[in-house]
Amino acid sequence: MYKAIIRKSAEAVITLFIATLFIFVLMRLAPGDPIAILLNQTSEVAMSDSGSYREKTAELRAELGLDRNVFAQYARWMERLLHFDLGVSIHTGRHVGAEIAARLPATVLLAVSALLIKIVLGLLFGIISARKAGRPVDGLIRFVCVAVASTPAFVVGLFLLSLFAVTWDVYEIGSGASLTKVWLPAVTLGLLGAPQLIRVVRANMLSELGQTYVLSALSRGLSKRLAAKHAWRNALLPVITMIGLSLASLLGGAVVIETIFSWPGIGKYALDSILLKDYPVIQGYALLSVSMVVLVNLSVDVVYALADPRIRNKGETGVE
């Protein structure tokens, strides 16, 4: 087990390196010039065709290292990363690491709250749907799941915001992050993510309830509740994977929901920076997002081994 964890950790580092390289190169190939955007936001836009403008552009490119080729810029960025330096924002002049660190608690609060809601809804209605398979309750749950999953996130967000903040006046619209303001965006994210989890829980429960060991236990007089309890443990592994990936996605920033609810998380910060082509911020955000996915995948593998003895003992019994 420990050898497998070490191997997967090494694979995670390689994956992180390759992912950041691709992100860095593709970002540089995307249309748009951060220097032009920066200068166009100042009074210097009036001299955009003048020699002074071109001189200022060249000066800023040299200062920011954008006059070098892509791979030289990437090497410089990696060198800074070794010193835990994500660089400085082109537009604000502030350190990217400090900016992300200031917004990360708000994103973590929203992500954890939304994930808890998603898990509760997913497990509750997934198990109910599996146990009532083929009945009207199952059909209603599946219909609602399809309807919610087919609705764009911004539509759900704007509808709930209008309902709770305008019609019922029980939610205060603001730009701050607090426990009193997190519940509505968390509920929105939880509702949007629950249908997928409900379907996975239902499918795995039905698959396990149809296994020979469950049918044999039922034929010997075991109650359906106890049979479902035993089947649940074997149906848990795919659910663990989905929950882990959901957490990684939420920690990476729910851009649409954070923007709609003016939630000061890293998702909204990244979106604003993407529109401005602020390379250091986008690179820092991408690094954080990829790191979250890689770290969560590694953690899921460890949880797998702890939850399933067959995986934990793999290799020790000679089974590959």
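The values are calculated or read from the model by the stated rules, or taken from the named source; none is laboratory data. Remember, it's a predicted structure, so these values are computed and weren't measured experimentally. In this analysis, Cβ positions are derived from the backbone assuming ideal geometry, glycine residues included, and neighbour counts consider all displayed protein chains.
What tally of residues in segment 219-267 results from selecting those that are in contact with a Lys or Arg (Cβ under 8 Å, 6 or more places away or on another chain) and of a type outside the set (A, V, I, L, M, F, W, C)?
8
Being small (Gly, Ala, Ser) and either buried (at least 20 other Cβ atoms within 10 Å of the Cβ) or touching a residue at least 40 places away in the same chain (Cβ under 8 Å) (or both): is that true of ALA228 here?
So ALA228 passes the test.
Looking only at residues that are part of a helix (DSSP H, G or I) and either touching a helix residue (DSSP H, G or I) at 6+ places or on another chain (Cβ under 7 Å) or not polar (S, T, N, Q) (or both) in segment 167-183, which one is farthest from THR259 (Cα to Cα)?
Checked segment 167-183; the qualifying residue farthest from THR259 (Cα to Cα) is LEU179.
Among the numbered conditions (1) outside any helix (DSSP H, G or I); (2) of a type in the set (Gly, Ala, Ser); (3) touching a Ser or Thr at 6+ places or on another chain (Cβ under 9 Å), tell me where ALA186 comes up short.
(1)
Restricting the first residue to segment 235-253 and requiring it to be free of Cβ contacts under 8 Å to residues at least 40 places away in the same chain and of a type outside the set (Lys, Arg), which pairs with a second residue that is assigned to a helix (DSSP H, G or I) and buried (at least 19 other Cβ atoms within 10 Å of the Cβ) meet a Cβ separation below 6 Å and a spacing of at least six or different chains?
Taking only residues 6 or more apart or on different chains, the pairs are ALA235/ASN204; ALA235/MET205; ALA235/GLU208; PRO238/ASN204.
Does any residue in segment 1-22 that is over 13 Å from VAL293 (Cβ atoms) come within less than 7 Å, Cβ to Cβ, of a residue that is in a helix (DSSP H, G or I) six or more places away or on a different chain, and which pairs are these?
What qualifies is MET1/ALA305; MET1/ARG312; ILE5/VAL302; LYS8/LEU298; LYS8/ASP301; SER9/LEU298; LEU21/TYR74.
Restricting to segment 61-94, give me the number of residues that are surrounded by 13 or more Cβ atoms within 10 Å (Cβ to Cβ) and aromatic (Phe, Trp, Tyr).
Number of matching residues: 2.
With the requirement that a residue be of a type outside the set (A, V, I, L, M), more than 16 Å from GLY87 (Cα to Cα), within 16 Å of the chain's Cα centre (by Cα) and part of a helix (DSSP H, G or I), what does segment 258-274 give you?
Within segment 258-274, GLU258, THR259, GLY267, LYS268 qualify.
Test THR167 against the stated conditions and say whether it is more than 26 Å from the chain's Cα centre (by Cα), among the hydroxyl-bearing types (Ser, Thr, Tyr) and either farther than 30 Å from ALA228 by Cβ or at pLDDT 95 or above (or both).
yes
Of VAL146, VAL201, which residue is crowded, with 17+ Cβ neighbours inside 10 Å and of a type in the set (A, V, I, L, M, F, W, C)? Outline the logic, then answer.
Numbers: VAL146 fails: crowded, with 17+ Cβ neighbours inside 10 Å.
Criteria check complete, one pass: VAL201.
Go through VAL214, VAL239, VAL255, VAL200 for me and flag whichever is closer than 30 Å to ASP301 by Cα, touching a Pro at 6+ places or on another chain (Cβ under 9 Å) and β-branched (Val, Ile, Thr).
One residue alone meets the criteria, VAL200.
Kindly provide the set of residues from segment 271-300 that are more than 19 Å from LEU29 (Cβ to Cβ) and of a type in the set (A, V, I, L, M), ordered by number.
If the condition is that a residue be more than 19 Å from LEU29 (Cβ to Cβ) and of a type in the set (A, V, I, L, M), then LEU271, LEU288, MET292, VAL293, VAL294, LEU295, VAL296, LEU298, VAL300 are the ones that fit.
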